[in-house]
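The structure under discussion appears below in the form of C-alpha cells.
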Amino acid sequence: MEPFTAIDVIRAKRDRERLSDDHIDWVVDAYTRGVVADEQMSALAMAIFLNGMDADEITRWTAAMVSSGETLSLDVDRPTVDKHSTGGVGDKITLPLAPLVAACGAAVPQLSGRGLGHTGGTLDKLESIPGWRAQLTLPEIQAQLTSVGAVICAATEGLAPADRKLYALRDVTSTVECIPLIASSIMSKKIAEGADALVLDVKYGSGAFMKTYADARALAETMVAIGIGRGLRISALLTDMSVPLGHAVGNAVEVAESVEVLRGGGPADVVELTVELAREMLSLAGVSDVDPAVVLASGQAYEVWARMIRAQGGDPDAELPRPAHVHVVPAPATGIVSHLDAYAIGVAAWRLGAGRARKEDPVQAAAGILCHAKPGARVAEGDPLLELHTDTPEAIPAALTALQDAYAITDTAPARPPLITETIRG
Ligand code: URA
C-alpha cells in the first residue's frame, strides 16, 4: 500500500506549497519503481519548473535521488577529487585535467557523459582513440584509481537511476532549464560517485546552459550548498563560455588538442582553465606542495594520460581518425576577429556529425571544427578562419547556415571578459 498518490504531490507543488520530506522521498522512489508514471512525473517536473523548490526541498530531492541507486565507496590510498563542468563548446578540460591532478598526487574518479545537442561529451571524444573503452566495472575503476590515479569512464548503471529516468523525461518535456532540477540532477550523480571533494566548473554565456552570469551564479551557489549539506569539500568556478575553449571543437580534434596541452603546449585558455581547476582540486584534496603548472609543463601529466588510455584498452600513440572532407571558411575581410560565438560553433560542429540529436545516435569521431582565429587575432582577407571536418559533406551547407552570424571582423580589438570570473568556496 503506497502512502500517497502522485496526484497529492503534483497538486501540492501546483498550488505553490512546499513539498514535505515524506512527499519527496516517496515520489522519487515510486517513480524509480515505476509506480509513478512518466506523465505524472512530467506534470510534477513542470510544476517544479514553474514554482521552484526551496533550499531544503532541493537538498531532500537530491538525497532521494542518491538513495535511488548505489553509492560507490572508493577505497583508494590517496584523497579522491572530481570535477564537473556544466557543459560547453570545445570544453575538453577533463582530458588533460584528470591525468594532471593524478600526476600531482590525488586520485580522480571522473564518471563522464556523452554529448547531447550542441555541447560535446567527454566519452564521445575519448572514443575517437582506437580501442578505448568507456564502460568499466566498479572493480576496474577501483584498480585503475590505485594503479594510475585517474579514470575517465561512463557512470555505472546503478548510479542515481532516478536521475537517469527523470533527465530523459525533462529532455522531452522542456523542463531542463530549471536550477533546482539541474542542481539536484548533477549533485545526485556526483554524491553517489563517492569522491571526497568536488570542483564545479559552472559556465555562462551563449555556449552554456546558463546564458547569464546571474543564473550561473545561482546554480553554482545551489550546488555548493547541496555539497556542503552532504559533507563534501566543494567549490565552484564561474567561467566564460561565450567563445569556444581552445581552437578545436569536436571529437578527435579535441583529443589532439588535449594531447598538445599534456605535452606542455596548447592554447592559452585551455592551459589556464586546466591549471586553475587543478589548483582548486588539489587544494580541496589537501595536496598543497605541488604546482600543477610545473607538472603540466614537465610532461609528467602526459605520462599519466598514456597509462590511463592504455589501461582502458586505448592506444595513446595511434593516429586519430581523419575526416573524409575538409571545408575551409576564409576570413571575409582584413582586421581583428572581434566575435566568435560558442553556440553557433557548437551547433555547426553538431551538424557536421560531432554531436547527436537523440541519445541513441552515433557520432563521427573525425567531425568537428578548427577555429584558426579566435577573438583578438588579426586576419587578412582570405586567411583560413574556420576549418569544417566531416565524413558527410552533405552536412556542410547546414553547418554554414549555423555559422552565418558566428563571427565578426572589425578594426579594433574586442574587450575580452576574463575566463574565470569568480570562485565560490564552500
Ligand atoms: N547535466 C545534468 O547532469 N543534469 C541536468 O539537469 C543538466 C545538466
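The values are calculated or read from the model by the stated rules, or taken from the named source; none is laboratory data. Keep in mind the model is a prediction, meaning the values are calculated, not measured. Neighbour counts are summed over all protein chains in view; Cβ atoms, including those assigned to glycine, are modelled from backbone coordinates with ideal geometry.
So here's what we get for this one:
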quantity	calculated
Conditions (1) crowded, with 20+ Cβ neighbours inside 10 Å; (2) more than 9 Å from the ligand (Cβ to nearest atom); (3) part of a helix (DSSP H, G or I); (4) not basic (Lys, Arg); number of the one not met by Leu159	(3)
Per-region count, segment 120-152, residues touching a Ser or Thr at 6+ places or on another chain (Cβ under 7 Å) and polar (S, T, N, Q)	1
Residue satisfying condition, being of a type in the set (S, T, N, Q), more than 19 Å from Gly246 (Cα to Cα) and under 20 Å from the mean Cα position of the chain (by Cα), within set Thr401, Thr412, Thr423	Thr423
Gly246 in the same structural domain as Ala106 (by TED's automatic domain parsing), at positive phi, modelled with pLDDT of 95 or more and touching a helix residue (DSSP H, G or I) at 6+ places or on another chain (Cβ under 6 Å)	yes
Segment 272-283 - residue that is surrounded by fewer than 23 Cβ atoms within 10 Å (Cβ to Cβ) and not acidic (Asp, Glu) and, of those, farthest from Ile228 (Cα to Cα)	Val275
Residue in segment 133-151 that is within 16 Å of the ligand (Cβ to nearest atom) and surrounded by 22 or more Cβ atoms within 10 Å (Cβ to Cβ) present	no
Sole residue being of a type in the set (A, V, I, L, M, F, W, C), within 15 Å of Ala98 (Cβ to Cβ) and touching a helix residue (DSSP H, G or I) at 6+ places or on another chain (Cβ under 6 Å), chosen from Ile141, Ile152, Ile179	Ile152
Failed item in (1) crowded, with 18+ Cβ neighbours inside 10 Å; (2) of a type outside the set (S, T, N, Q); (3) farther than 24 Å from Tyr204 by Cβ, with Arg322 passing the rest	(1)
Condition check for Thr392: exposed (fewer than 14 other Cβ atoms within 10 Å of the Cβ) and in the same structural domain as Ala354 (by TED's automatic domain parsing)	no
From Val243, Val259, residue being among the hydrophobic types (A, V, I, L, M, F, W, C), more than 16 Å from the ligand (Cβ to nearest atom), part of a helix (DSSP H, G or I) and closer than 30 Å to Ala366 by Cα	Val259
Failed item in (1) within 16 Å of the ligand (Cβ to nearest atom); (2) hydrophobic (A, V, I, L, M, F, W, C); (3) under 14 Å from Ala306 (Cβ atoms), with Leu126 passing the rest	(1)
Qualifying positions in segment 64-106 - within 16 Å of the ligand (Cβ to nearest atom), of a type in the set (Gly, Ala, Ser) and either part of a loop (DSSP other than H, G, I, E, B) or farther than 18 Å from Asn251 by Cα (or both)	Ala64, Ser68, Gly69, Gly87, Gly88
Wholly enclosed strands (runs of 3 or more DSSP E) of segment 322-372 bearing at least 1 residues more than 26 Å from the chain's Cα centre (by Cα)	325-330, 335-340
Count of segment 204-220 residues which are within 17 Å of Val347 (Cα to Cα) and among the basic types (Lys, Arg)	1
Contacts under 6 angstrom Cβ, first residue in segment 200-215 being on the phi < 0 side of the Ramachandran plot and part of a loop (DSSP other than H, G, I, E, B), partner more than 11 Å from the ligand (Cβ to nearest atom) and at pLDDT below 95, 6 or more apart	Gly207/Gly88; Ala208/Gly88
Residues of segment 165-191 satisfying the condition of being near the ligand (Cβ under 7 Å from one of its atoms) and not in a helix (DSSP H, G or I)	Val176
